[in-house]
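Visitor: Okay, here's the structure, questions in a sec.
A short reminder: the numbers here are calculations on the coordinates, not readings from a lab. Keep in mind it's a predicted model, so treat the numbers as computed, not measured. Reconstructed Cβ throughout: ideal geometry from the backbone, glycine too, with neighbour counts over all protein chains shown.
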Amino acid sequence: MTTVGVVALAALALVSAAISAYLTLRQRRLLHEAADREAERERLADQLITAEQDERRRLALFLHDGPVQSLSGIALLLDGVDHAVATGQTEQAQQVLRSALDRHRQTIRELRDLSFNLEPVVLRDQGFSTAVRALAEQFGLSHHVQIDVDVARAEQLGERTQAALYQIIREALNGAIRRGPPTRIAVLVEPSSDGGLETVVSDDAPGERRRATFDALAERARTLNGRFSVDAPDEGGTTVRVVLPPYVSE
């Protein structure tokens, strides 16, 4: 074999070795990236499970301290009505019965509100914008606060993402009311700088911020692979931001 042939074979071997090394490095990088994505999915799944467990605990506590206690009280009142009727105390029986009916109606309202907050029928049947406006109207009437809503851009999100974002907005409104009394709240969904969607809930409530509330909101945002931030200037008011990445999937 000529010198030129030997050199060519050596060069070919070097090129082949370089290509092999490049492919090996690329394979390793791809494997690392796949492992990172899998770890991230597992992390988000764990966060979702934790959030769901926390939600169940909050629901159980609400039911125990609210409707269950009310129903127990109603049962005692009805026992009192029965005793009053049996002993001929008609006027007292009527008074106690009216109290029982008032508490019964209040319990129905609490359970109706709970059902609406967990999964409002309007969210499924009429869309995200209508559901958030109905929520804002409910909060506004109950707490005498003006709530401005502009969330039409969230209609492009998937059903599950909309349901999760609805819960974030609901909890942000609850937080503003607890810090209140606010006079005005604004809820806005707009494009973010990276092509995703940014949800902003701002209020002028003067009260103390509770870290637990923000931690819960941040956890919900992370389950959507979103970014959460809070702006709370010393002069009062709070702005909560949740930025969802582009092409949020189910």
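Visitor: Put a dot 7 Å past each Cα toward the Cβ at residue 104 and residue 13; how far apart are the dots in nm?
Guide: The modelled label-to-label distance comes out at 9.6 nm.
Visitor: How would you classify region 159-250 from its alpha-carbon gyration tensor, with a ≥ b ≥ c the square roots of the eigenvalues: rounded for a/c under 1.5, else prolate if a/b is greater than b/c, otherwise oblate?
Guide: Details: a/c = 2.06, a/b = 1.78, b/c = 1.15.
Prolate.
Visitor: How would you order 162-168, 202-208, 107-113 from highest to lowest mean count of nearby Cβ atoms within 10 Å? Kindly include the intermediate steps, with their values, before the conclusion.
Guide: On the way: 162-168: 20.7, 202-208: 17.4, 107-113: 13.0.
Those peptides, ordered most packed to least, come out 162-168, 202-208, 107-113.
Visitor: Turning to a different aspect of this structure: Note down the nm distance, to one decimal, between modelled labels 7 Å out along Cα→Cβ at residue 121 and at residue 85.
Guide: According to this spin-label approximation, the distance is 3.2 nm.
Visitor: Okay, moving on. Just check region 98-160 against the gyration tensor rule for me: Cα atoms, a ≥ b ≥ c as the square roots of the eigenvalues, rounded for a/c under 1.5, and otherwise prolate or oblate depending on whether a/b exceeds b/c. Can you show the working numbers first?
Guide: Numbers: a/c = 4.50, a/b = 1.84, b/c = 2.45.
Since a/c reaches 1.5 but b/c is at least a/b, the shape of region 98-160 is classed as oblate.
Visitor: Using the alpha-carbon centroid of each, what span in Å lies between region 121-143 and region 62-84?
Guide: What the calculation gives is 31 Å, centre to centre.
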